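Worksheet: the structure to be examined is printed underneath.
The values are calculated or read from the model by the stated rules, or taken from the named source; none is laboratory data. Treat the numbers as computed from the prediction; the structure is a model and nothing was measured. Cβ placement follows ideal geometry from the backbone for every residue including glycine, while neighbour counts extend to all protein chains displayed.
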Amino acid sequence: MDRKWWHDKVAYQIYPKSFYDSNGDGIGDIPGIISKLDYLKDLGVDIIWLSPIYKSPLADEGYDIADYYSLDPRFGTMEDMERLIAETKKRDMYILMDLVVNHCSDEHEWFKKACEDPEGKYGEFFYIRDQNPDGSLPTNWRSYFGGPAWEKVPGTDKFYLHMFHKKQPDLNWENPEVRTEVYKNINWWLDKGIAGFRIDAIMNIKKASIFKSYEPDRDDGMVGLERMLKDAKGISIFLHEMQDKTFSQHDAFSVGEVFNDKEDELSDLIGEGGCFSSIFDFESHIFGASRKGWYASKPCLPEDYKSSVFKSQLRAAEIGFFSNIIENHDEPRGVSRYIPKEELSIHAKKALACAYFLLRGIPFIYQGQEIGMENTEFQSVSDFDDISSIMEYDLALEAGLSKEEALECVSKYSRDNARTPVQWTDGDNAGFTTGKPWLPVNKNYKEINVESQEKDSKSLLAFYKELIALRKAPEYKETFVYGSFEPYLRDEKNLMAYIRKGNGKTILVAANLQRDGIAIPAPGRIDGILLDNVGNAQLGVESIKLDGYQALVLEIA
Ligand code: TEU
Ligand code: CA
């Protein structure tokens, strides 16, 4: 395998609005990020992915871009951005921007011009269709955020397609002019000195060649977009074109937000022949999802988590690197999702961290994950800012759940869980802002915050630092980065264990994801204890004892 600069890096996702507010307006900003770079460097982070900070009406919190070349004043100025790039370079760190090009905002110039003249040049930038002769919508597709995926072009009988919110019209990738604009934009940012992109909702850019209605999958007469995407063929041509004209010319790192990839597509997506550097492994995140909505989802228990992750690890083995996460800005907090509430403890958080962090692939940490931030509490639907949470709440009510039940199940999955401000201190607003935070701070900030964990050598933060340091340690780096992955004692319930082998070393990672202790055979003589969240592991033994939620990283002879 060709070595790439990003193979051995650790990445960190910043959701700028909630990271750190430097000027008291309650919204995180670029100067706020700059002031925390030393914190991130100290943690061991190399690559920073910024969720969108471009000019935007924030209908979907920045994933609706009104101008790809300017920043939203709420986040800062272009000078701030240039300073951020320079400051990261000084620290040998890299910036990834978010590339949101399946759609733009309805406030983008292109869309405004398309509405003025749907038959003109900019009409071709979008998917604009006539209504059917009987006045019905072009197709019965349901948008991801609820309701039809079609919205009227004001003052006409025409409709435009929006797979997400109606303020996010889909860009027509079939039009070469659109693609040229996208590539120009990517190169403009890469020339500015960023190191690459995280690429939003990218598998949605290719639509089925024929727009038609399908068998409804709910009583609303509509059908989820997955059905149409199944008929979308040939995305690879666009993706490789994008890679050739942009990323490969800059040796950039690109990580795709890929859902719905087809079984045999992986080698076209990552690895030597892939059009991205990496893609996220969402297997455990989609586990238990229901077509009906969040209210019908099944929890992902430790066994499910293990099998999802192992499936992806084995799938990518001969091909390339997944990017591994336990949460992001669209998901609940990982510790709240994968660990039963009554078992949530510092040991459990460390065990989960250890289990995912040493997998083969690029580890990503989402802001606040390193201090074990948890899901927040919502008192009523009015506490939700996120558009998808509000839609899912209504869906649950329509399905016959009571208000309390609807609130409870939406709370588990709400994207706002990840979007509450980072808890920096135990002071006002968790030290995030001197003003009023745009989204309330999680009430547990007095117990969970950066400041207190920085002083505590047994904190989760300290543990993440150890994990990162271990992954980068000169004697083990080669094994963790390029070594193989093999499940170990896969059938042992609630044990997530695997072996990383390479460069003459064998390393066992074992996390006991349950309250009960267990004893397991060692795969060989234990020569070294590289990490132990409890502190009672022994050398030279043939059987390994693991307390409840104990995690061990052991070197095997
Ligand atoms: O998320 C895309 C997303 O929400 C997926 O779950 C989607 O269902 C998938 O693409 C289906 O194929 C991204 C962003 O991360 C999110 O914050 C945005 O709201 C969304 O795109 C729209 O830009
Ligand atoms: Ca601010």
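Things worth noting here:
- Applying the condition of being touching a His at 6+ places or on another chain (Cβ under 8 Å), outside any strand (DSSP E or B) and not polar (S, T, N, Q) to the stretch 116-155 and asking which residue is farthest from ligand 1 (Cβ to nearest atom) yields 149.
- The condition of being acidic (Asp, Glu), touching a strand residue (DSSP E or B) at 6+ places or on another chain (Cβ under 7 Å) and modelled with pLDDT under 95 holds for only one of 170, 157, that being 157.
- Screening 356, 338 for residues that are in contact with a strand residue (DSSP E or B) (Cβ under 7 Å, 6 or more places away or on another chain), under 23 Å from residue 497 (Cα atoms) and hydroxyl-bearing (Ser, Thr, Tyr) leaves exactly one candidate, 356.
- Residue count, the stretch 5-18 (criterion: touching a Ser or Thr at 6+ places or on another chain (Cβ under 9 Å), in a loop (DSSP other than H, G, I, E, B) and over 13 Å from residue 323 (Cβ atoms)): 1
- Residues located in the stretch 156-194, provided they are part of a helix (DSSP H, G or I) and acidic (Asp, Glu): 177, 181, 191
- Screening residue 238 with (1) more than 19 Å from residue 102 (Cβ to Cβ); (2) part of a helix (DSSP H, G or I) gives one miss only, at (1).
- Counting residues in the stretch 92-115 that are in contact (Cβ under 8 Å) with a residue 24 or more places away in the chain, touching a Gly at 6+ places or on another chain (Cβ under 6 Å), assigned to a loop (DSSP other than H, G, I, E, B) and within 15 Å of ligand 1 (Cβ to nearest atom) gives zero.
Yes/no matrix, rows are residues, columns are (1) surrounded by 17 or more Cβ atoms within 10 Å (Cβ to Cβ); (2) touching a residue at least 40 places away in the same chain (Cβ under 8 Å); (3) farther than 22 Å from residue 326 by Cβ; (4) outside the structural domain of residue 346 (by TED's automatic domain parsing):
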| position | (1), (2), (3), (4) |
| --- | --- |
| 471 | yes, yes, no, yes |
| 474 | no, no, yes, yes |
| 497 | yes, no, no, yes |
| 506 | yes, yes, yes, yes |
| 510 | yes, yes, no, yes |
| 516 | no, no, yes, yes |
| 521 | no, no, yes, yes |
| 535 | no, no, yes, yes |
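- Among the residues listed as 228, 242, the single one being over 21 Å from the mean Cα position of the chain (by Cα), more than 16 Å from ligand 1 (Cβ to nearest atom), closer than 27 Å to residue 68 by Cβ and buried (at least 18 other Cβ atoms within 10 Å of the Cβ): 242
- Filtered residue count, the stretch 19-43, keeping only those that are within 16 Å of ligand 2 (Cβ to nearest atom), assigned to a helix (DSSP H, G or I), surrounded by fewer than 21 Cβ atoms within 10 Å (Cβ to Cβ) and not β-branched (Val, Ile, Thr): 2
- Residue that is nearest to ligand 1 (Cβ to nearest atom) [pool: residues in the stretch 44-65 that are surrounded by fewer than 21 Cβ atoms within 10 Å (Cβ to Cβ) and more than 19 Å from residue 33 (Cα to Cα)]: 59
- Residue 465 vs. criteria under 25 Å from the mean Cα position of the chain (by Cα) and in contact (Cβ under 8 Å) with a residue 24 or more places away in the chain: yes
- Unmet criterion (only one of (1) of a type outside the set (Lys, Arg); (2) surrounded by 21 or more Cβ atoms within 10 Å (Cβ to Cβ); (3) in a loop (DSSP other than H, G, I, E, B)) for residue 197: (3)
- All conditions in (1) crowded, with 21+ Cβ neighbours inside 10 Å; (2) in a loop (DSSP other than H, G, I, E, B) hold for residue 215, with the sole exception of (1).
- Flag if residue 428 is within 16 Å of ligand 2 (Cβ to nearest atom) and out of contact with any Lys or Arg (no Cβ under 6 Å at 6 or more places or on another chain): yes
- Residue match in the stretch 394-412 (condition: in contact (Cβ under 8 Å) with a residue 40 or more places away in the chain and more than 30 Å from residue 217 (Cβ to Cβ)): no
- On the stretch given as the stretch 301-314, residues that are under 23 Å from residue 262 (Cβ atoms) and either surrounded by 21 or more Cβ atoms within 10 Å (Cβ to Cβ) or free of Cβ contacts under 8 Å to residues at least 40 places away in the same chain (or both) total 7.
- Residue identified as under 21 Å from the mean Cα position of the chain (by Cα), more than 16 Å from ligand 2 (Cβ to nearest atom), buried (at least 16 other Cβ atoms within 10 Å of the Cβ) and part of a loop (DSSP other than H, G, I, E, B) among 259, 247: 259
Residue by residue, here is whether (1) small (Gly, Ala, Ser); (2) assigned by TED's automatic domain parsing to the domain that holds residue 279 holds:
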{"residue": "326", "(1), (2)": "no, yes"}
{"residue": "334", "(1), (2)": "yes, yes"}
{"residue": "367", "(1), (2)": "no, yes"}
{"residue": "370", "(1), (2)": "no, yes"}
{"residue": "375", "(1), (2)": "no, yes"}
{"residue": "395", "(1), (2)": "no, no"}
{"residue": "400", "(1), (2)": "yes, no"}
{"residue": "404", "(1), (2)": "no, no"}
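- Checklist (1) surrounded by fewer than 17 Cβ atoms within 10 Å (Cβ to Cβ); (2) in contact (Cβ under 8 Å) with a residue 60 or more places away in the chain applied to residue 140, failing item: (1)
- In the stretch 183-205, the residues that are within 24 Å of residue 91 (Cβ to Cβ) and either within 16 Å of ligand 1 (Cβ to nearest atom) or touching a Lys or Arg at 6+ places or on another chain (Cβ under 6 Å) (or both): 197, 198
- Residue selected from the stretch 409-425 under the condition part of a loop (DSSP other than H, G, I, E, B) and β-branched (Val, Ile, Thr), by the criterion nearest to residue 378 (Cα to Cα): 420
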